[in-house]
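Taking it in order: structure first as structure tokens, then the write-up.
The values are calculated or read from the model by the stated rules, or taken from the named source; none is laboratory data. Quick caveat: nothing in here was measured; it's all calculated off a predicted structure. All Cβ positions, glycine included, derive from the backbone under ideal geometry; neighbour counts span all protein chains shown. Surface areas here come from the heavy atoms of the whole protein model, side chains and all, with no ligands, DNA or RNA. Shrake-Rupley method; radii C 1.70, N 1.55, O 1.52, S 1.80 Å.
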Amino acid sequence: MYLIIRFVLQLIIGIATGLILTLSTIIFAIPAILILAAGILLGEATGIIGITLIIGAIFVFAFGILSTAILAAVPIQIFLRYYALFLLGDTNSRFDLITDRRMSVRKS
């Protein structure tokens, strides 16, 4: 039963994460393309400014996608690991690694 629930959770969370990353890619691609186009146009007139804009556009795009991926993936992974630890502790008290957390959750 655990594997089925884990698979369904992973599927739903994977789809949601994919949608978030797709949307953030579109959001970060629009300004990156505009900056890249300005860099290419200025690159023909003045070399160093155009190259700087092109490198900046690539950096902004990559940093935006990476930061969004990290901000989306970390809470999801924490949730899935705590879910597995809570289930493990419920099935066998010898393997309970988060006894103090379990007690605080059950009290509230």
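Please state which one of I58, I78 is under 30 Å from T22 (Cβ atoms), under 25 Å from the mean Cα position of the chain (by Cα) and open to solvent by 100 Å² or more (accessible area, probe 1.4 Å). Spell out the reasoning first.
Numbers: I78 fails: open to solvent by 100 Å² or more (accessible area, probe 1.4 Å).
Only one candidate qualifies: I58.
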Only one of A38, A62 is without any contact (Cβ under 8 Å) to a residue 12 or more places away in the chain and more than 30 Å from L3 (Cβ to Cβ), namely A62
Subset of segment 81-108, residues open to solvent by 70 Å² or more (accessible area, probe 1.4 Å), in a helix (DSSP H, G or I) and hydrophobic (A, V, I, L, M, F, W, C), comes to F95, M103, V105
Taking segment 19-51 and keeping residues open to solvent by 50 Å² or more (accessible area, probe 1.4 Å), modelled with pLDDT under 85 and part of a helix (DSSP H, G or I) leaves I35, L36, I40, L41, L42, E44, A45, I48, I49, I51
Here the residues within segment 66-99 that are in contact with a Phe, Trp or Tyr (Cβ under 6 Å, 6 or more places away or on another chain) and β-branched (V, I, T) are none
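Looking for something within 27 Å of I76 (Cβ to Cβ) and polar (S, T, N, Q) - is there at least one such residue anywhere in segment 25-46? Working first, answer last.
First, the residues of segment 25-46 that are within 27 Å of I76 (Cβ to Cβ): 25-32.
Still in the running and polar (S, T, N, Q): 25.
Taking every residue of segment 25-46 in turn, at least one turns out to be within 27 Å of I76 (Cβ to Cβ) and polar (S, T, N, Q).
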